[in-house]
Amino acid sequence: MKLFSSFVKELKIASRGFYFYIDIFMAVLILAVFLFVVPDDFENKTDEYLYLDMPEDASEIYLETIQEETIDGKAESVTLEIKDQDKEVELYTTDSKEIFILNSQEDARYMAEEEQEISAVIAMNDEGTFDYTYYLQGYESDKYKNLLEIFHVEPNENVQEFVDNQEVRALSTNVETLSDKESILPTVLVFNGALMGLFIIAAYIFLDKQEGVIKAYAVSPSPVWQYLLSKVGVLMVTTLVSSYLVVIPLMRLQPDYLLMLVLLVTTAFFASSLGLLIASFYSNIMQAFGALYIVMMLMIVPSVAFFIPSWSPAWISFIPSYPMMEGFRSILLGNNDWPYVLTVSGIFLVVGSAIFALSNYRYKKTLIG
Amino acid sequence: MIKVKNLSHSYNKDEKYQVKNINFEVKKGEIFGFLGPSGAGKSTVQNILTGLLQLQEGEAVVADYDIKNISKEMFNKIGMSFEQSNVYSKLTAKENLDFYSKLFDVKTVDSNELLNLVGLEGKENVKAGEFSKGMKHRLTFARSMINEPELWFLDEPTTGLDPSIAADIKEIIKTKNNDGVTIFLTTHNMFIADELCDRVAFIVDGEIKLIDSPENLKLQYGEQLVEVEYIENNETKIKTFSTVFPEDKKALQTVIDQHEIKTMHTKEATLEEIFIKVTGRGLV
């Protein structure tokens, strides 16, 4: 009963303060950005600017070859601004690139020099073969330059035969993936939920210290752990509201929301307990800011490994935000990998409980500090 | 109700004690004043007795609970009014009291009744953050009564209040004491102590210099004088006579017999004067 009334009181205070609304506002903002700004899959096509220095009939044959690769078999006329002039050029769109056919060699150089684009001039020589001139930016790797050098060499017959006879087998053909947009959501859930919770609970504690109400609580028969847990409860509610606010409109019925509830609650419990523990060592938020900043920065590091799987050292998996992100990814995929999510949740619950117990011990000793 | 034996406390846990070897007892139903200037150690002792500071050396029993192994149940029996008001500014006056009342395991007083008692009627639904300093202080004071404490710790209960509200607060303290509540009053205001306390302790530099009732102190340390304002040869004169020495008594009688008396007051020493006399220190 005491715990419940403390929790209700904390909810009232939170709803009348601005931290609660910052969290909700951020969730609404993120949702709006995801709905109206972020595309489902990021554009990964490269732009190429070509000038064909060859007789018209040869260029027509060359363009027909390109046209065969386009998505709709058509070229479209677009306008490019070159040297402050609008110029009509042809655009061929394939699966992997957009090829602009320019009108002069100067235009090709201009696009490379002024617009930092990849451009090339393809010329027909006297022998009726093609010469390729590439305009590079200077930062291209040797591997890339070597590739360009051998790109137009006819393959050796044996090599071609060897390549054709290669057998390629996929070890798993049923891999589920998230769209580019959906892939960002696990980091959003971790940052907007757990990390914000870590910071906000510390802010709540310092507000109480500033108002002195923590002293009044200390001379009541209510135990300290209830005071702390009521604050953790408010952070859990805030995390749940802000997380579901973002995820439900974006993912609809794909995730397992019950499993998500378990992971959100346990990660929020862990992060807010950590925030409590950090706050117990300081008198005000200015003093605690350094420690909070370091912890938050450390928690952000795994997001690099999350987006660049080729960089994923073993130690990074020990940073709590890493399993949080992996857990949320698994839930968003909707692949029912509940053993993994429950294991991660269980670990956060156990470690969170240990940190909470330590915080309780610290606050019992230093409640009025 | 309170027993303190050889109590010492050092914030840095070294030999520099803020409170040194303090001994005193507070009887049930008594108003005990703990008097001293700022930094004398009053709040340190009070914080130890209310569990806000850990007991380091000595023994203390409060409301039959040993402070060494403090039990949360003890707080059902005690109330604490802080010098600095400390209420939730985002909650209304009533919400503040209602929340606090739910933290106790004993019967609590209706929050509206308490708000009326401290003159905050009509302000039930106003957020404490919108209150003046005095109103917040009254709310803090009201909160300390919510569990009908047997032992009531009051830290500077009238500081910063206007005289009429301070008078109301004093009346509440007297009434509660008449109802049997034991009161531990910490203050540097000697007039309040003089008016309310059954006994007072003078504390300076962490040491108790003296414990006695205000009446005894005045008898022991004060001079018994009468100040007379009278008219002699169409001039107003003021003279002070001792009521102890025979020649002064005779001279006073002569003035009364031969002149028109305008005013006549007994002039006993104030508690503040006695404090300065005993401790050699002022109260600020």
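Throughout, read-outs are computed from the coordinates displayed, never taken from laboratory work. Quick caveat: nothing in here was measured; it's all calculated off a predicted structure. Methodologically, a virtual Cβ is constructed for each residue, glycine included, from the backbone with ideal geometry; neighbour enumeration extends over all protein chains shown.
With a 10 Å cut-off around each Cβ of A:290-300, the average count of Cβ atoms from other chains is 0. Around the Cα centre of region B:142-284, unit charges on the Cβ atoms of Lys, Arg, Asp and Glu (plus for the first two, minus for the last two) sum to a dipole of about 180 debye. For region B:155-169, the residues whose amide N sits under 12 Å from a probe point set 7 Å from the Cα of residue B:175 along the beta carbon direction are B:168-169.
Taking all C-alpha pairs of chain A, those more than 37 Å from each other amount to 45 percent.
Under 5 Å between amide hydrogens, built in the peptide plane, is the criterion, and for residue B:19 it picks out B:9 among residues at least 5 positions away or on other chains.
Using Cβ point charges alone (K and R +1, D and E -1), the dipole size of the protein assembly as shown about the Cα centre works out to roughly 6680 debye. Across peptide A:201-208, the average count of Cβ atoms from other chains found within 10 Å of a residue's Cβ is 1. All C-alpha to C-alpha distances of region A:225-369, sorted into 10 Å bins beginning at zero, yield P(r) values of 11, 35, 36, 15, 3 percent in whole numbers.
In plain terms, the bigger the Kirkwood radius, the slower the diffusion; for the protein assembly as shown, with that radius from Cα pairs, at 37 °C and 0.692 mPa s, Stokes-Einstein puts D at 102 µm²/s. Each of A:207, A:269, A:325 was placed along the dipole of chain A (beta-carbon charges, centred on the mean Cα), and the one lying farthest toward the positive end is A:207. Using the alpha carbons alone, the radius of gyration of region B:1-117 stands to its Kirkwood radius in an Rg to Rh ratio of 1.01. Here the calculated FRET efficiency for residue A:171 and residue A:29, from their Cβ-Cβ distance with R0 = 45 Å, stands at 0.65, rounded to the nearest 0.05. What's the whole-number percent of alpha carbon pairs in region A:14-70 lying beyond 14 angstrom? The calculated P(r) of region A:14-70 puts 75 percent of pairs beyond 14 Å.
Name all residues of region B:147-185 having a backbone nitrogen under 17 Å from the label point set 7 Å from the Cα of residue B:121 along its Cα→Cβ direction, giving them as ranges. Only B:165, B:168-169, B:172 fall inside the zone, counting backbone N under 17 Å. Could you name the lysines in cross-link range of residue B:262, using Cα to Cα under 18 Å and dropping any fewer than eight places away on the same chain? Within reach: B:237, B:239. If the Kirkwood radius is taken over C-alpha pairs of region B:90-240, then at 4 °C and 1.567 mPa s the Stokes-Einstein diffusion coefficient equals 71 µm²/s.
Per-residue ellipticity at 222 nm computed for chain B from its helices equals -9000 deg cm²/dmol, with DSSP H segments shorter than 4 residues left out and the rest contributing -39,500 (n - 2.57). Under the convention that each Lys and Arg Cβ holds +1 and each Asp and Glu Cβ holds -1, the size of the dipole of region A:1-64 around its Cα centre is about 1760 debye.
Using C-alpha pairs under 8 Å with a sequence gap of at least 6, the mean separation divided by the residue count of region A:100-200 gives a relative contact order of 13 percent. Computed across region A:46-153, the Kirkwood radius stands at 14.6 Å (inverse of mean 1/r, all Cα pairs). Straight-line reach from residue A:12: taking Cα to Cα under 18 Å and skipping same-chain neighbours fewer than 8 places apart, the aspartates and glutamates in range are A:23, A:208, A:211, B:95, B:98, B:124, B:130.
Quotient of the Cα radius of gyration of region B:168-284 and 2.2 N^0.38 Å, N being its number of residues: 1.39.
The packing ranking of peptides B:227-239, A:293-305, highest mean first, is A:293-305, B:227-239, where packing means the average number of other beta carbon atoms within 10 angstrom of each residue.
Extent along the principal axes, Cα only, for region B:223-267: 30, 18, 10 Å, with the longest axis given first. Applying 0.36 nm per residue to the separation of residue B:162 and residue B:221 and subtracting their alpha-carbon distance, the gain on full extension is 18.1 nm.
Couplings for region A:278-288, taken from phi via the Karplus curve 6.51 cos²θ - 1.76 cosθ + 1.60 with θ = phi - 60°, read 4, 4, 5, 8, 10, 8, 8, 5, 5, 5, 7 Hz in order; Gly and Pro are left as x.
Considering only Cα atoms, the convex hull volume of region B:139-226 works out to 135 Å³ per residue.
Averaged over peptide B:52-60, the number of partner chain Cβ atoms lying within 10 Å of each residue's Cβ comes to 1. Computed from Cα atoms alone, the Kirkwood hydrodynamic radius reported for region A:282-323 is 11.4 Å. Ellipsoid fit via the Cα gyration tensor, chain B: semi-axes of 41, 26, 16 Å, each the root of five times an eigenvalue, largest first. What the phi angles of region A:145-153 give under the Karplus curve with 6.51, -1.76 and 1.60, with θ = phi - 60°, is a coupling list of 5, 4, 4, 5, 5, 9, 4, 9, 7 Hz, glycine and proline written as x. Straight-distance candidates among the aspartates and glutamates for linking to residue B:16, with alpha-carbon spacing under 18 Å and chain neighbours fewer than 8 residues away dropped: B:57, B:205, B:207. Summarising the strand pairing of region B:152-284, around 85 percent of its internal DSSP beta bridges are antiparallel.
Note on residue A:150 and residue A:59: the model spin-label points, each 7 Å out from Cα along the C-beta direction, lie 3.3 nm apart.
Within region A:152-223, the trypsin sites (Lys or Arg not before Pro) that combine a DSSP coil assignment with at most 14 other C-beta atoms in a 10 angstrom radius are A:169.
Considering only B:213, B:74, B:86, and ranking their Cα positions along the charge dipole of region B:2-218 that arises from unit charges at the beta-carbon of Lys, Arg, Asp and Glu, the one farthest toward the positive end is B:86. Of all beta bridges that DSSP places with both ends in the protein assembly as shown, some 65 percent have antiparallel geometry. Bridge orientation summary for chain B: considering DSSP beta bridges with both residues in this region, about 65 percent are antiparallel.
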